[in-house]
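What follows is one structure encoded as structure tokens, with my remarks underneath.
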Amino acid sequence: MAGFINQKAFIRKPIMIDLPQIEQQIQRVTNFQELVSTPFNAEINAIGLIRNLMGDFAEIVSKVELNKNITVIDEELLRELTLSEQGNLAREIILNDLQLLTAYGAAPVLNVIKSYERDEDFPFFPTDVYSFHVDRSTVPTDTILCTYYGAPTEIVPNSAVVQKIMVPEIRDELKKLYGNDDEGFDDFLTENFFDLHYQTKPNALPFSLGIGHIWRLAIDYPESKILPCIHRAPKEKTKRLLLIC
């Protein structure tokens, strides 16, 4: 693919999104450079490139052979798909997004998702991606994602949740699981990712990241001064086409 394509050729006039109580944590931008260069701050931990895309992304999903719950579509496979004019328009948008993200230094992966693996090890405290959680890294980085088709990722205000390990009844169950010994308990919580998960407070309003928008979410890493963005995967009603890095 020679050079970057003009995104304006594939994007209608940006739509307005009704932001509920999470408004102060979100910043919307209009181009890719702003998306990757705008810094997070004490309040903002989710930055979105808001787009209203044209093209038939559902056709791409329908043309991919799915042998697993999560199927990775590499660039070669994406280019080989026989698509209609609208399907090809969707493909060009995805290829351009992949190129922009790769040039930025990210490692984007395009998936068709039927469902994620559910955590059945701890029924009272599942640690799968359907639970509100934060991402963690040992180095400074962000999570970048875009849902092209299917149910989008949801986020929730940090003020509208409580860390699950701090809920008394949940903490008591975790101590029983560990063995009622305080020594090493915090390490146990971290090693099993319990500390990454959150429970919503009454009247909390999850916010959908929508279709076609590229979002950059703050994550937890050592010495970060930014609150990580709390998010979850949707429970799939249909297949989902997701780019993530």
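The values are calculated or read from the model by the stated rules, or taken from the named source; none is laboratory data. It should be emphasised that the depicted structure is a prediction, and the values quoted were computed from it without experimental measurement. Heads up, the Cβs are rebuilt from the backbone with ideal geometry, glycines too, and the neighbour counts pull from every protein chain shown.
Of the listed requirements (1) surrounded by fewer than 19 Cβ atoms within 10 Å (Cβ to Cβ); (2) assigned to a helix (DSSP H, G or I); (3) out of contact with any Lys or Arg (no Cβ under 6 Å at 6 or more places or on another chain), residue 182 misses just one: (2). Within the stretch 184-227, being touching a helix residue (DSSP H, G or I) at 6+ places or on another chain (Cβ under 8 Å) and closer than 14 Å to residue 143 by Cα holds for 214, 216, 220, 227. Close Cβ contacts (under 6 Å, 6 or more residues apart or on different chains) running from residues in the stretch 206-235 that are on the phi < 0 side of the Ramachandran plot and free of Cβ contacts under 8 Å to residues at least 12 places away in the same chain to residues that are in a loop (DSSP other than H, G, I, E, B) and surrounded by fewer than 22 Cβ atoms within 10 Å (Cβ to Cβ) are absent. Scan the stretch 136-143 and give yes if some residue there is closer than 30 Å to residue 63 by Cα, modelled with pLDDT of 95 or more and in contact with a Lys or Arg (Cβ under 9 Å, 6 or more places away or on another chain), otherwise no. There is at least one residue in the stretch 136-143 that is closer than 30 Å to residue 63 by Cα, modelled with pLDDT of 95 or more and in contact with a Lys or Arg (Cβ under 9 Å, 6 or more places away or on another chain). Can you pull out every residue in the stretch 140-162 that is out of contact with any Leu (no Cβ under 9 Å at 6 or more places or on another chain) and not in a helix (DSSP H, G or I)? Those that are out of contact with any Leu (no Cβ under 9 Å at 6 or more places or on another chain) and not in a helix (DSSP H, G or I): 140, 141, 151, 161, 162. The residues listed here are 47, 15; of these, the one that is modelled with pLDDT under 95 and either under 18 Å from residue 216 (Cα atoms) or assigned to a loop (DSSP other than H, G, I, E, B) (or both) is 15.
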